[in-house]
1. Out of Pro34, Pro14, report the one residue that is at pLDDT below 95 and either open to solvent by 70 Å² or more (accessible area, probe 1.4 Å) or under 28 Å from Ala136 (Cβ atoms) (or both).
2. Any chance you could count how many residues in the range 42-80 are more than 18 Å from Ala95 (Cβ to Cβ) and open to solvent by 10 Å² or more (accessible area, probe 1.4 Å)?
3. For Arg85, are the conditions met, namely being open to solvent by less than 70 Å² (accessible area, probe 1.4 Å), over 22 Å from Phe19 (Cβ atoms) and under 13 Å from the mean Cα position of the chain (by Cα)?
4. From Ala102, Ala44, Ala51, which residue is touching a Pro at 6+ places or on another chain (Cβ under 6 Å), modelled with pLDDT of 95 or more and under 17 Å from Leu6 (Cβ atoms)?
5. Just for strands (runs of 3 or more DSSP E) wholly inside the range 35-103: which have at least 2 residues that are under 30 Å from Asp133 (Cα atoms) and touching a residue at least 24 places away in the same chain (Cβ under 8 Å)?
6. Among the residues of the range 124-176, count how many are within 22 Å of Leu30 (Cα to Cα), open to solvent by less than 80 Å² (accessible area, probe 1.4 Å) and not in a helix (DSSP H, G or I).
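The values are calculated or read from the model by the stated rules, or taken from the named source; none is laboratory data. What you see is a predicted model; the values in this text were computed from it and never measured. In this analysis, Cβ positions are derived from the backbone assuming ideal geometry, glycine residues included, and neighbour counts consider all displayed protein chains. Surface accessibility is based on the protein's heavy atoms, side chains included, excluding ligands, DNA and RNA. Shrake-Rupley method; radii C 1.70, N 1.55, O 1.52, S 1.80 Å.
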Amino acid sequence: ADLADLARLIDDVPARTAFRMAMAAATEALAGLPVPSIAAVEGACHGAGVALTLACDIVVAGSLAQFAIPPARLGIGYPAGDVARLITRVGRSQAARLLFTAAPIDAAEALRIGLATMAGDGREVARLVASRDVGALRLLKAIATDPADPAHDSGFEASFASPAFAAGVARYRGKP
């Protein structure tokens with residue numbers, strides 16, 4: 001969502017809808033992944049970049065991370081779905097602050113208000129998550145997405161019969 005590209009939306013009315021729908025498709029696809037998604041923010045994360053992080057399960061803010069939602073400064077709105085995710089993540093008051101002031105915040109403030117999950121190196125977190133059993137990750141992601149679904153109980157019970165669980169128990173017992 002480069003400003004130079006967005007400037008064409010001033011006169012191109014059909015492109016406005018196409019842009020909004022493309023962004024919504026991207027964020028929904030990211031949020032709907034059946035495995036965990038991780039945003040590693042190492043620098044400036046503004047506008048649409050924040051929308052993408054809101055669709056991720058874990059947001060890791062590096063020491064140089066900076067977050068801002070500048071539409072109010074630019075004289076435009078922000079997609080309703082992204083505002084809803086922002087409110088869910090940080091609460092209405094902090095969302096209002098970010099949206100209405102358009103002021104950037106650093107990694108420490110993003111962590112304090114819940115926009116970032118943790119500070120650190122996102123690549124290390126990604127490596128750690130990637131080293132876990134994909135079946136367990138899929139089940140856990142499904143449960144975290146919709147904890148009220150009663151089908152998850154049978155998935156939990158079935159996971160005890162998986163080869164991954166047997167291997168995990170053997171590793172903890174010191175067996176190869």
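1. Working: Pro34 fails: at pLDDT below 95.
Going through Pro34, Pro14 in turn, the sole match is Pro14.
2. Within the range 42-80, the first condition is being more than 18 Å from Ala95 (Cβ to Cβ), and the residues that meet it are 42-44, 57-58, 60, 62-65, 75.
Right, trim to open to solvent by 10 Å² or more (accessible area, probe 1.4 Å) and you get 42-44, 57-58, 63-64, 75.
Residues flagged as more than 18 Å from Ala95 (Cβ to Cβ) and open to solvent by 10 Å² or more (accessible area, probe 1.4 Å) within the range 42-80 amount to 8.
3. On the way: open to solvent by less than 70 Å² (accessible area, probe 1.4 Å): yes; over 22 Å from Phe19 (Cβ atoms): no; under 13 Å from the mean Cα position of the chain (by Cα): yes.
Spelling it out, it is not the case that Arg85 is open to solvent by less than 70 Å² (accessible area, probe 1.4 Å), over 22 Å from Phe19 (Cβ atoms) and under 13 Å from the mean Cα position of the chain (by Cα).
4. Details: Ala44 fails: touching a Pro at 6+ places or on another chain (Cβ under 6 Å); Ala51 fails: touching a Pro at 6+ places or on another chain (Cβ under 6 Å).
One residue alone meets the criteria, Ala102.
5. Values: elements: 38-41, 44-46, 58-61, 66-68.
Fully inside the range 35-103 and qualifying: 38-41, 58-61.
6. Selection size over the range 124-176: 4.
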